[in-house]
Amino acid sequence: MKTIEKISTFAGKTFTLWVILISVIAYSFPEHFVWIGKYIVPLLGIVMFGMGLTLSASDFSEVFRRPKEVALGVVGHFIIMPLLAFGLAIGLDLPKEIAVGVILVGCCPSGTSSNVMVFLARGNVALAVAIASVSTILAPIVTPLLILLFASKWVDIDIMSLIISIIQVVIIPLALGFTIKKFFGKAAEASSKALPLVSVVAIVLIVSAVVAGSQAQLAKTGGIIFAVVVLHNILGFTIGFFFARLCGMDLAKQKAVAMEVGMQNSGLGVTIASTHFSPLAAVPSAIFSVWHNISGSVLAFIFSKLKDKNQPSSDKKWLANITNL
């Protein structure tokens with residue numbers, strides 16, 4: 001078990017490297033990875049099940065301790081990123097499928113890797129976990145409504161189909177993992193040591209399937225998509241930080257909100273795009289999955305140098321409950 005734990009920890013820390021590597025290989029030899037596309041939905045379900053195993057009732061205590069700040073973080077996330085995505089799609093006159101893909105990732109809930117970045121940034125991890133958890137639970141309703149609002153300019157949206165898909169790939173696996181942890185705590189704790197490895201493998205396979213399935217389109221539009229994703233992410237971090245400051249939060253909370261706003265559950269974006277739209281529409285989410293871990297790490301380093309005397313001393317306990325995706 002210790003060997004698996006070491007491998008799992010190594011996989012989590014080098015996640016971005018593996019995603020970049022598999023992307024290059026899948027782009028070069030797409031015929032060997034296209035078949036994985038049919039398994040994208042169950043692969044994301046595995047990731048969300050793993051997230052459920054890391055959650056506990058205490059993760060939601062912040063919702064009741066500081067409901068205003070959690071609500072501001074969730075509302076900020078679901079307003080800032082979709083609006084930015086829509087503005088970029090319109091302002092840059094993006095092709096239809098790319099515009100839809102950018103909006104999809106912008107409408108997704110927070111990603112779990114944001115919690116790790118907040119810890120590294122010396123931010124308020126408890127607040128970050130609460131924002132990510134609540135945004136994920138609200139995703140089956142909020143994400144389809146946002147997609148309908150912002151993407152219907154380019155494509156027809158079947159909102160009920162989107163709601164059912166998100167419940168299937170997010171809420172059911174998440175609830176199952178949460179339930180198993182609650183009633184089989186010791187077994188869940190033991191298996192959680194392998195979660196980073198399982199999550200990394202699942203996300204890497206998802207990305208490889210998207211890259212392989214859209215290799216021809218990527219050759220034409222990859223540069224544009226990458227530029228838009230980088231701009232979207234950086235603007236999300238920046239506006240999220242100043243939004244929290246305008247709301248009167250201290251520095252540790254500003255760091256948390258900035259990360260939670262700027263980082264997305266890009267795996268969900270890939271799944272929605274692949275299931276309901278097109279392979280090319282999934283590419284922005286796949287690139288986001290790589291980029292936001294790079295940019296998040298850089299921002300965490302910068303944030304960690306900013307002194308904050310209000311930094312909670314108990315944040316280390318949260319790191320043990322976070323799966324590094």
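The values are calculated or read from the model by the stated rules, or taken from the named source; none is laboratory data. None of the values given here were measured: they were computed from a predicted structure. Because the Cβ atoms are built from the backbone with ideal geometry, glycine has one as well, and the counts that use them run over all protein chains shown. To get the accessible areas, we keep the full protein, side chains included, count just its heavy atoms, and leave off ligands, DNA and RNA. Shrake-Rupley method; radii C 1.70, N 1.55, O 1.52, S 1.80 Å.
Restricting to region 279-291, and then to whatever is at pLDDT below 85 and of a type outside the set (A, V, I, L, M, F, W, C), can you tell me which residue is surrounded by the fewest Cβ atoms within 10 Å (Cβ to Cβ)?
Among them, the one singled out is P279.
Test L174 against the criterion of being in contact with a helix residue (DSSP H, G or I) (Cβ under 8 Å, 6 or more places away or on another chain), part of a helix (DSSP H, G or I), surrounded by fewer than 20 Cβ atoms within 10 Å (Cβ to Cβ) and not polar (S, T, N, Q), and give yes or no.
Numbers: in contact with a helix residue (DSSP H, G or I) (Cβ under 8 Å, 6 or more places away or on another chain): yes; part of a helix (DSSP H, G or I): yes; surrounded by fewer than 20 Cβ atoms within 10 Å (Cβ to Cβ): no; not polar (S, T, N, Q): yes.
Judged against the criteria, L174 is not a match.
Would you check if V102 is within 24 Å of H276 (Cβ to Cβ), touching a Leu at 6+ places or on another chain (Cβ under 8 Å) and modelled with pLDDT of 80 or more?
Details: within 24 Å of H276 (Cβ to Cβ): yes; touching a Leu at 6+ places or on another chain (Cβ under 8 Å): yes; modelled with pLDDT of 80 or more: yes.
Yes; evaluated as a whole, the condition is true for this residue.
Can you confirm whether K253 is open to solvent by 20 Å² or more (accessible area, probe 1.4 Å), closer than 27 Å to I167 by Cα and over 17 Å from the mean Cα position of the chain (by Cα)? So that I can check it myself, show each step before the final result.
Working: open to solvent by 20 Å² or more (accessible area, probe 1.4 Å): yes; closer than 27 Å to I167 by Cα: no; over 17 Å from the mean Cα position of the chain (by Cα): yes.
When the stated conditions are applied, K253 does not pass them.
If you go through region 72-90, how many residues are within 16 Å of the chain's Cα centre (by Cα) and among the aromatic types (F, W, Y)?
1
Looking at L127, L53, which is the one that is over 21 Å from G296 (Cα atoms) and in contact (Cβ under 8 Å) with a residue 12 or more places away in the chain?
Details: L127 fails: over 21 Å from G296 (Cα atoms).
Selected residue: L53, the only one of L127, L53 that is over 21 Å from G296 (Cα atoms) and in contact (Cβ under 8 Å) with a residue 12 or more places away in the chain.
So for region 144-152 (the condition being under 30 Å from L251 (Cβ atoms), in a loop (DSSP other than H, G, I, E, B) and open to solvent by 10 Å² or more (accessible area, probe 1.4 Å)), does at least one residue qualify?
Of region 144-152, the ones under 30 Å from L251 (Cβ atoms) are 146.
This time we only want the ones that are in a loop (DSSP other than H, G, I, E, B), so: none.
No, the conditions are met nowhere in region 144-152.
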